[in-house]
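For reference, the structure discussed in these notes is given below.
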């Protein structure tokens, strides 16, 4: 397992009691990148190889609201890496207590061919794998559903990532904007179906579930870009 300490920012706090759910998304992604950098696969190395990691989906379970703290301790490891995709598990601790766990499904993208590629054998060997011994650490995408259009948003400069797409964390934040402000969900599963680009107009859609909400972003032609289920399972 790779271990590191993550320094929080003031903007990561929802209030004086809780860290934002979206900030946890940042932690998961940033620590995965930090781990890759230390293994020798930084952004420059990947670009030179004509490859990029892209997030297909993520599932997060929140054990409890994370109280504001100066630092967060994170453990992460690759569960499997084969073919075009890889699953990575992450544990997040606040003041020594587990506050969240996550599994992220990544795939390797061949930049020269403009489509998913195969993970090089030497890369898989460097990362290695870890047996989490928990069924939670298997990602399954949520099914897309019919949902009511709430309003439209425009993809802006500040929401674009290094692949020139709508950033994963930013799109998740947009989905969370549909939720009641005081709604604390214990489980979220996000599926990134197709990229959105700068200037795209997207419709934010939502439907109420028995124990939570289904939300997605779609094009005016009703093509779903990113979808998520937010549930409270107490």
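Since every read-out is calculated from the coordinates, none of them should be taken as a lab result. All figures in this text were calculated on a predicted structure; none of them were measured in a lab. All Cβ positions, glycine included, derive from the backbone under ideal geometry; neighbour counts span all protein chains shown.
log10 I(q)/I(0), Debye, Cα-only the stretch 148-231, no solvent, q = 0.18, 0.22 Å⁻¹? With one equal scatterer per Cα and no solvent, log10 I(q)/I(0) is -0.70, -1.02.
Each label point was placed 7 Å from the Cα along the Cα-to-Cβ direction; for residue 38 and residue 1 their separation is 1.3 nm. Across all Cα pairs in the stretch 2-127, the calculated P(r) in 10 Å bins from zero up to the longest distance comes to 12, 43, 28, 15, 2 percent per bin.
For Cα extents along the principal axes in Å, pick the label among (i) 65, 40, 35; (ii) 46, 44, 33; (iii) 94, 42, 26 that corresponds to the value derived from the coordinates. Identified label for the calculated read-out: (ii). As a rough footprinting exposure proxy, the listed residues 141, 79 were ranked by other beta carbons within 10 Å of their own, and the order from fewest upward is 141, 79. Modelled this way, with points 7 Å down the Cα-to-C-beta line, the labels at residue 162 and residue 134 are 2.8 nm from one another. Using just its DSSP H runs of length 4 or more, each adding -39500 (n - 2.57), the chain gives a mean residue ellipticity at 222 nm of -5000 deg cm²/dmol after division by all residues.
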